[in-house]
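Worksheet: one structure, shown below.
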2 protein chains.
Amino acid sequence: MEKLIVIGGGAAGMTAASWARRLKPNMDIIVFEATRMVSHAPCGIPYYTEGLFNDENLFMTYTPEYFKEKRKIDVKINTRVVEVNLKDRNIVIFENLEKKKYEFDYLVLSMGARPKRIDSEGEKILYVHHPADATQIRNELWSSSRIAIIGGGILGIEMAEALQARGKKVILIHRGKYLLNRMLDEDMGKIVTEKVMSEVEVKLNESLVEIKNGGKLIITDKGKYEVDATVVAIGVEPNIDVVKGQIKIGETGAIWVDDHMRTSVPNVYAAGDAAESVNIITKKPDWIPFAPVANKMGFVAGNNIGGKEVVFPGVVGTVITKFKEYIIGKTGLTENEARRYGIKTVSAIVRHKTRARYYPGGKDIIVKLIAEENSMRIIGAQIIGEEEVLGRLNMLAAVVQKGFTAEELFFVETGYVPPVNRVWDVVTLAARKLYTGVGGE
Amino acid sequence: MEKLIVIGGGAAGMTAASWARRLKPNMDIIVFEATRMVSHAPCGIPYYTEGLFNDENLFMTYTPEYFKEKRKIDVKINTRVVEVNLKDRNIVIFENLEKKKYEFDYLVLSMGARPKRIDSEGEKILYVHHPADATQIRNELWSSSRIAIIGGGILGIEMAEALQARGKKVILIHRGKYLLNRMLDEDMGKIVTEKVMSEVEVKLNESLVEIKNGGKLIITDKGKYEVDATVVAIGVEPNIDVVKGQIKIGETGAIWVDDHMRTSVPNVYAAGDAAESVNIITKKPDWIPFAPVANKMGFVAGNNIGGKEVVFPGVVGTVITKFKEYIIGKTGLTENEARRYGIKTVSAIVRHKTRARYYPGGKDIIVKLIAEENSMRIIGAQIIGEEEVLGRLNMLAAVVQKGFTAEELFFVETGYVPPVNRVWDVVTLAARKLYTGVGGE
């Protein structure tokens, strides 16, 4: 009987296992997961920290038991894989304190990502990442009054919102000159920064030097801050130590894969945050460690292992986050990124409303569109708004992925009913501004 | 000096005039508008009837004065064009009770649509269409207690919501076997029908025979209803009597135009609800009398008159409406329509939620996708949901317009953050169900 081993029971791993199972009902499938949770995603931790829910099991879409019973997938939780021997085609775990070897025909590497760490160590230095640690971290944070957050990226501002909502005094220390500076261009990022600064204390252009007193004294290049605890949110990196030296690693530091999610080793696949992908716009390696990409990579790996050929088209880099009333989204390249790739761009920003002038409750929405100058193809978009951001972002992801021109985007037949839009949709207006150079309604 | 005359100051006409003005700063431009309002759209009338706003001027995006002062467009309101002489290239109006002739080099026909009428006449038989009549109609309705609505299409259910919210006893009489039966397939339409029936009295499969007592006695093929007033909402038709016999009329009954919005008469353009267009999927004539299409047609006509060539790509038929908490949208073909065009379809319906399981306030959302069986290209979509419907609908309009396959739609890199989505977006799941035949998350 064919044997499939999956290392890591997150979004990508469980999706890969599930699709392999569907296509090969008799395959022997084992998933090894280091924690007690599978089918989990860390995206919920800020909301758990805020206290919006209290049942940790909700982090899991499906439980280990579900996979065992319904999908005949043997899930071994609390089981860390300590060795992977790609040449000998086996992996090693500890079982009852003894090493145990498992052989495979197919392997999926879906160990995910892990937080980047700083040099300092301490009990009150907290990394927010795995749902399995969420309760412990929440307890630490709830018992603290003054909390520093290092890093003004997505996780940083989500944690700032959560902790401020819990009544904590938050100080957010950020190296960049505006928040979300890897996600947004400065024009859009400044709008978010102003909003965050109106709610919590933000230090911009300030770099961490070290953290002392076990997490209670922050020393930066500009000052010192005494706090009760520190959340470090300076980004993530692929969690691939277990296969380093045995497999091709891509430019981004994640495992190289082809468009079938095959690694450089036969019948060994990688999917999710452990795997690299190719940016559809630049055709260059890219790494987008978010759950929707992970799930789709898992789908591709699982289908191909199951014998049904499926090709992963690559990534555009869709990201969405929330701070208070603001939903903030980005897809494709920012102008900053485009510049790094030597792509000449034109852009347009339009500020509009989400409902007809006369319909109560209309909210602000701001859209930035970026086109490649010669072709006028849309290569990126950024949105800040208080409602109806998600669908527009998904629309623009489709537009970027398929290479619509500004003119084609302008002519998309958008919907209009006064309670949920203006006659001229904000995206249509932004496309028109790019296409004609003329703003206004 | 070149002379442009525009007949009808609605969305299409004012947009055409504005773009012609931009490109030809010295052109002599006159807009003749039969009512006192320009740049108006009837879509707000149900909300005005509900009492959500009281300032009639809010129906206008811009006032006649704005166009005169800012755009040097001579707007003649309350001026009905009584004759159009396409051969002699002039139009005739009444000015101070005398006929007056105006010559043109370019003409835009943007007279819009008008409600279809029934045979019966009476003071309490009301047609809801032009914002200029909104106050009079609202007064009639507010002074009535029991109101019949004839027609369970978009306007019918919007008026039902508005009048019920005003505390009226509403009876909605509909010929079809479910509501919105021209917009939705039966599977989706029934969901809306159930919702409407839980709020107001609905009579299905019931045809109007006549209305007596000036609008106070409804006689159908199944019964008689005594009411205080009747709203007739059985659809609209192009308002083109003034040019009939002088110009090519299309299959749909609207003015035939090419993809530059040129009619069969040189330098005479038509745009908006008066004009026909071509369906992008079927390549057949189609007529989509909604404001976003009208605006874009006006843009195309105005640019071409101004000397800048712009091509209108055709329509897919995007429609969106609201009943209470439900936002209801459709783009592309329904399965019913596809069948009429001899297109074989496959479809998938997915019911999902708008937020993560653990995030408070998640709402239901249901998406139906329709693909052409052989190519698996998405040719239609229907959505019912309580939030984030609009953007998803616009996304699907883009998808239909550009001919994405189900597989391509599945691989669109959608955004995910727990407060506004699930990891697997409902559209992604519906695409996956079409593409793989497998439902579930």
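Miscellaneous remarks
- Taking amide H as placed 1.01 Å from N in the peptide plane, the amide H of A:VAL202 sits under 5 Å from that of A:LEU172, each at least 5 places away or on another chain.
- The mean sequence distance of close C-alpha pairs (under 8 Å, at least 6 residues apart), as a share of the length of region A:353-430, puts its relative contact order at 36 percent.
- Ordering of A:179-186, B:24-31 by packing is A:179-186, B:24-31, highest average first (other Cβ atoms within 10 Å, averaged per residue).
- When A:ASP259 is represented by a point 7 angstrom out along its Cα-to-C-beta vector, the spacings to that point in the other copies are 2.8 nm, nearest first.
- Accessible area buried at the B-A interface, both sides summed, 1.4 Å probe (Å², nearest 100): 6600 Å²
- Local net charge near B:HIS260, Cβ-Cβ under 14 Å (Lys/Arg +1, Asp/Glu -1): -1
- Per residue, chain A exposes 38 Å² of accessible surface when a 1.4 Å probe is rolled over the protein heavy atoms with every protein chain present.
- Net charge of Cβ neighbours under 13 Å - reference A:ASN303; Lys, Arg +1; Asp, Glu -1: +4
- Over the protein assembly as shown, the alpha carbon radius of gyration divided by the compact-protein estimate 2.2 N^0.38 Å works out to 1.04.
- Taken about its Cα centre, region A:117-234 carries a charge dipole of about 220 debye when Lys and Arg each add +1 at the Cβ and Asp and Glu each add -1 at the Cβ.
- Note on region B:185-303: with charges restricted to the Cβ of Lys and Arg (+1) and Asp and Glu (-1), its dipole about the Cα centre is near 320 debye.
- Placing +1 on the Cβ of every Lys and Arg and -1 on the Cβ of every Asp and Glu, with no other charges, gives the protein assembly as shown a dipole of roughly 120 debye about its Cα centre.
- The helix-based estimate of mean residue ellipticity at 222 nm for the protein assembly as shown, built from -39,500 (n - 2.57) per DSSP H run of four or more residues and divided by its residue count, is -7500 deg cm²/dmol to the nearest 500.
- Candidates B:ILE281, B:VAL196, A:MET183 compared by Cα position along the dipole of the protein assembly as shown: farthest toward the positive end lies B:ILE281, with charges placed on Cβ.
- With respect to the axis relating copies B and A by rotation, the chain B residue whose beta carbon is closest, plus that distance in Å, is B:GLY391, 1.
- Aspartates and glutamates whose Cα lies under 12 Å from that of A:LYS322, excluding same-chain neighbours fewer than 8 positions away: A:GLU158, A:GLU161, A:GLU386, A:GLU387
- Charge context of A:VAL82, other residues only, Cβ under 12 angstrom, K/R +1, D/E -1: 0
- Unit charges at the beta carbon, dipole of region A:117-234: most positive-side option, A:ALA162, A:ILE234, A:ASN139: A:ASN139
- Pairwise centroid distance, computed over Cα atoms, of region A:374-441 with region A:352-366, Å: 16 Å
- Overall shape: oblate for region A:13-139, with the ratio a/c of the largest to smallest alpha carbon gyration tensor axis at 1.5 or above and b/c at least equal to a/b.
- Shielding of B:396-409 by partner chains, average beta-carbon count, 10 Å: 4
- Computed 3J(HN,Hα) for region A:222-227, one whole-Hz value per residue from the Karplus formula 6.51 cos²θ - 1.76 cosθ + 1.60 where θ = phi - 60°, is 10, x, 10, 9, 8, 9, glycine and proline marked x.
- Region A:117-234, relative contact order in percent, only Cα pairs under 8 angstrom and at least six apart counted: 37 percent
- Region A:99-140 versus region B:221-294: alpha-carbon centroid distance in Å: 62 Å
- Within 10 Å of the Cβ of each residue in B:159-172, the mean number of Cβ atoms contributed by other protein chains is 0.
- Residues of type lysines that A:LYS308 reaches as a straight line, Cα spacing below 21 Å, ignoring anything fewer than 8 places off in the same chain: A:LYS3, A:LYS24, A:LYS72, A:LYS296, B:LYS433
- Length-normalised contact order of chain A in % [C-alpha pairs under 8 Å, at least 6 apart]: 14 percent
- Taking 23 Å as the straight-line reach from the Cα of A:LYS124, the lysines in range (excluding those fewer than 8 positions away in the same chain) are A:LYS116, A:LYS168, A:LYS169, A:LYS203, A:LYS212, A:LYS216, A:LYS222, A:LYS224.
- Estimated at the nearest 10 Å², the accessible area of A:PHE94 is 110 Å² with a 1.4 Å probe.
- Structural size metrics of region B:117-232, computed from C-alpha coordinates, are Rg and Dmax of 13.4, 38 Å.
- Charge dipole (region A:303-357, unit charges on Cβ, about Cα centre) - positive-most of A:THR331, A:PHE312, A:ALA356: A:ALA356
- Expressed as a whole percent, the accessible area of chain A that falls on carbon and sulfur atoms is 45 (1.4 Å probe).
The values are calculated or read from the model by the stated rules, or taken from the named source; none is laboratory data. Nothing here was measured: the structure is a model prediction, and the numbers come from that model. Don't worry about glycine lacking a Cβ; one is built from the backbone with ideal geometry, like all the others, and counts go over all protein chains shown. All accessible areas refer to the heavy atoms of the entire protein, side chains included, with ligands and DNA or RNA removed. Shrake-Rupley method; radii C 1.70, N 1.55, O 1.52, S 1.80 Å.
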